[in-house]
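Visitor: Could you have a look at this structure, given as structure tokens, before my questions?
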Amino acid sequence: MTARSVALILAISLVFAGCAPVSQPPVADPPLAAGFSRIYFYRTTFSIGSESGLFGNVARPSLSLDGKTVAETPAGSVIFCDVLPGRHEVAVRANQRYTLDLAAKPDRTHYVKLDWGMGGLTGQGHVTEVAASVGSQDIEGRPRL
């Protein structure tokens with residue numbers, strides 16, 4: 001089997017699987033299937049002055065896409081899902097629910113930044129779509145879940 005055949009099989013399986021948890025960072029993420037959209041979700045924290053703030057890192061808020069749970073999101077995590085173009089609801093929940101309505105465009109990659117930290121005694125979050133130039137740099141070299 002050629003490398004191209006393996007890549008094609010992997011891409012097709014990701015489309016059917018929806019989201020692709022990967023235990024180690026791949027050499028390169030599989031190509032996006034024609035007509036689909038890819039959404040990268042990546043987690044930071046914003047408490048105690050930096051991404052590595054202790055209290056924000058303890059939380060593992062749950063990420064869902066269109067009402068279906070995708071994964072828990074530990075600090076520094078990266079997850080991607082290949083979806084059909086159109087409107088999708090991204091939600092992150094721990095003590096509260098934070099949402100983003102994302103308009104996925106065909107053959108395009110979107111980046112959603114999940115900021116999480118502590119405010120008082122409860123977790124606080126922000127879910128924001130960021131520019132591809134920012135998101136692609138933010139996830140570079142980070143392991144995938």
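Visitor: Looking at (1) modelled with pLDDT of 95 or more; (2) of a type in the set (D, E); (3) part of a strand (DSSP E or B), which is the one condition that is false for D115?
Guide: Among (1) modelled with pLDDT of 95 or more; (2) of a type in the set (D, E); (3) part of a strand (DSSP E or B), D115 violates only (1).
Visitor: Restricting attention to segment 75-100, and to residues there that are open to solvent by 20 Å² or more (accessible area, probe 1.4 Å) and either under 11 Å from the mean Cα position of the chain (by Cα) or small (G, A, S) (or both), which single residue is nearest to I139 (Cα to Cα)?
Guide: G76
Visitor: Right, something else. Give the number of residues within segment 123-145 that are outside any strand (DSSP E or B) and over 12 Å from the mean Cα position of the chain (by Cα).
Guide: 7
Visitor: Of A11, A34, A103, A71, which residue is modelled with pLDDT under 95, of a type in the set (G, A, S) and either closer than 23 Å to S133 by Cα or assigned to a helix (DSSP H, G or I) (or both)?
Guide: A11
Visitor: Same structure, new question: Under the condition of being open to solvent by 70 Å² or more (accessible area, probe 1.4 Å) and modelled with pLDDT under 80, which residue from segment 121-131 is nearest to T44 (Cα to Cα)?
Guide: My answer is Q124.
The values are calculated or read from the model by the stated rules, or taken from the named source; none is laboratory data. Quantities reported herein were computed from a predicted structural model and do not represent experimental measurements. Each accessible area value is taken on the protein alone, full model and side chains, heavy atoms only, with ligands, DNA and RNA left out. Shrake-Rupley method; radii C 1.70, N 1.55, O 1.52, S 1.80 Å.
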